[in-house]
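Structure first, then comments.
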Ligand SMILES: *[C@@H]1O[C@H](CO)[C@@H](O)[C@H](O)[C@H]1NC(C)=O
Ligand SMILES: *[C@@H]1O[C@H](CO)[C@@H](O)[C@H](O)[C@H]1NC(C)=O
């Protein structure tokens, strides 16, 4: 090798180092809703069927159907899929709550913790050399010493301190500039607030703003992670003209969170939530410009709240130096498959599915525009199919008003703005129509000339 070749070689090595993203992966799993009594007729709490009606256990040889929460075999099959598709550079796992079936609500703390322990054990075995970062949902036990003992294998001491009292914490990555901030959305949710909820909820605001300011000073990028995020629940409003426009968070908490995300959008690299049992996304705007995105992962349980979906598991691909999310692969299990086996498969890859060049607020904003396109329902059909994880998406049933509600849910995280958007499809359209109007005018003139 002569000198100039050597120089070229070294330069290219340096160049590669500078420009190549360090590719890493992480799983996002959510809303397992494990039901330990799934299989016992006398304690049949997890399914919507009448207690005496045993029909569902015959309908599906594996005791999986859309009226039941997750059975133990379903949880095991999810763990097996994740073990099988384990990338070498798997960095961590986000686990955003609702571990237990809501049918366990009235059972003792003892049995709930035992069920959480069993799920924790499965995840520990599946991810023996990764950290799992849990966020609490409204169906989970409240933060306690016993939960801390269960999860101390995954959380550093500092995180355990705030987790034990309030259920939130932050994780500083030692090798990169990425910080994970796990919120306890239960503290900001209306009905489920515990006795000291308001106090701890206030503390969480102060803590969050402090952490985000610190991240900004240190040039860190942040992942916001929680069970429930800001924004509305479109399925409660779709098709109804009196759209209430409510979400999981109280109106005050929702407005404040949207405000905080807007104010710190320069340090927030992404938001990751569960809770909805749906595969969707949310955008936050500042002065009309998209500044932050949230990706909502579908549940593991096939049982919906209001509507049903297939179980899903999501594997993210990201640049672990910068935290930039590059793509994800959505896995799903067709509950009604005739094989009867728990056959998990790839449902889609985000960038390929929607033809995105990257995952950014601007590219997802452009996607939202395509979703509501009146002339080509193709993208909306894809969105609706993904929303229910390939479970019976009937696009024909969703008329243009219904499509519009979906669009408003994606793009209006503020409850007031959502209601205004739903009430007034024309004005929402008008805001975007400016660049088209000249073309329409030209078209009209051409038609006039022709006739
Ligand atoms: C937890 O796992 C143990 C051991 O497999 C089992 O005996 C027990 O019934 C499980 N309990 C719950 C609540 O899942
Ligand atoms: C999605 O991405 C994964 C991982 O990169 C790849 O193995 C798979 O073939 C892709 N699937 C589809 C449907 O594009």
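From the mean inverse distance of alpha carbon pairs (Kirkwood) and the Cα radius of gyration, derive Rg over Rh for segment 155-224.
On the way: Rg = 12.7 Å, Rh = 12.7 Å.
Checking Rg against Rh, the ratio lands at 1.00.
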Values of log10 I(q)/I(0), in the order q = 0.08 Å⁻¹, for segment 23-361 under a Debye, Cα-only, solvent-free model
-0.36
Compactness check, segment 326-413: C-alpha Rg relative to the 2.2 N^0.38 Å globular estimate gives 1.19
Mind pulling the per residue volume of the convex hull built on the Cα atoms of segment 67-153? Å³ is fine.
98 Å³
Let's test this: bin the Cα-Cα distances of segment 239-386 at 10 Å from zero up to the farthest pair and state each bin's percent.
10, 34, 38, 16, 2, 0
How high is the relative contact order of segment 23-361, given as a whole-number percent (alpha carbon pairs under 8 Å, six or more residues apart)?
20 percent
Stretchable slack from residue 219 to residue 23, in nm (0.36 nm times residue separation minus alpha-carbon distance)
68.6 nm
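None of the figures in this text is laboratory data; all of them are computed from the coordinates on show. Small disclaimer: the values here were computed from a predicted structure and weren't measured.
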